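Engineer: I'd like to ask some things about the structure below.
The values are calculated or read from the model by the stated rules, or taken from the named source; none is laboratory data. Computed from a predicted model, the values in this text were never measured in an experiment. Backbone-built Cβ (ideal geometry, glycine too); neighbour counts: all protein chains shown. Heads up: the accessible areas ignore ligands, DNA and RNA and are worked out on the full protein's heavy atoms, side chains in. Shrake-Rupley method; radii C 1.70, N 1.55, O 1.52, S 1.80 Å.
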Amino acid sequence: MRIPRQAARIAVLDSDGAVFLFRYDNEEVGVHWAMPGGGLEPGETPRAGARRELREETGWTDLEPGPLLCTWEHDFTIPQALGSARTGGTPIGVPVRQHEHIYLTYGPRREPTDGVAAAHADDKILHWRWWSPAELADSADPLWPPQLPALLAPLHGPTGPAPAPVDLGHVPNRVP
């Protein structure tokens, strides 16, 4: 049985439309790429959670979540490292059905700041990189959500119209 878990992420795009992603490893779904984010703390709103997670995982304090890009649900198991690092959240090794709010923001292309290595180890973040729209569209690597290239393709920068939020519903994991 899966425990419901609320989470939020933030898609950070640079002026050329490249998106910042982390490469995560999870015992249930394997290695995949996703935006900075994670589980909400008790009483935290999705927008506040996206802001907090971005700061914890990148060290960037100057970006704010913009419009809601999408919501979706997916299944995974809370990593051992994550559970041991945080208190009051979902216990380690527990299968969850995670409901995520993904927000959009624009910022400069840069690296995470010093001081985020512990958060990366806790969250099982293996690597990070900026993906151009073409690289994202052509990628054979697993993406969370899998519809990410299509969600980002119509965006036209920070001065373009805000996207209409999309509800992707529950997206099953790919069978390896």
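Engineer: Being touching a helix residue (DSSP H, G or I) at 6+ places or on another chain (Cβ under 8 Å) and aliphatic (A, V, I, L, M) is the filter; apply it to segment 127-159 and report the residue that is surrounded by the most Cβ atoms within 10 Å (Cβ to Cβ).
Structural biologist: Per the stated criteria, the residue is 148.
Engineer: Residues to consider are 105, 113; find the one that is farther than 15 Å from residue 38 by Cβ, surrounded by fewer than 18 Cβ atoms within 10 Å (Cβ to Cβ) and of a type in the set (Ser, Thr, Tyr).
Structural biologist: Step by step, each of 105, 113 is checked, and only 113 is farther than 15 Å from residue 38 by Cβ, surrounded by fewer than 18 Cβ atoms within 10 Å (Cβ to Cβ) and of a type in the set (Ser, Thr, Tyr).
Engineer: To continue, here is another question. Under 9 Å between Cβ atoms, at least 6 apart or on separate chains: pull out the pairs that start in segment 18-45 with a residue that is touching a residue at least 24 places away in the same chain (Cβ under 8 Å) and end on any residue that is in a strand (DSSP E or B) and of a type in the set (Asp, Glu).
Structural biologist: 28/75; 29/75; 31/25; 32/25; 37/100
Engineer: What tally of residues in segment 37-75 results from selecting those that are assigned to a loop (DSSP other than H, G, I, E, B), open to solvent by less than 40 Å² (accessible area, probe 1.4 Å) and at positive phi?
Structural biologist: The total comes to 1.
Engineer: Would you be able to say whether some residue in segment 107-123 is touching a Ser or Thr at 6+ places or on another chain (Cβ under 6 Å) and assigned to a loop (DSSP other than H, G, I, E, B)?
Structural biologist: Yes, segment 107-123 contains a residue that is touching a Ser or Thr at 6+ places or on another chain (Cβ under 6 Å) and assigned to a loop (DSSP other than H, G, I, E, B).
Engineer: Look through 31, 12 and report the one residue that is of a type in the set (Val, Ile, Thr), crowded, with 16+ Cβ neighbours inside 10 Å and in contact with a strand residue (DSSP E or B) (Cβ under 9 Å, 6 or more places away or on another chain).
Structural biologist: After applying the criteria, what remains is 12.
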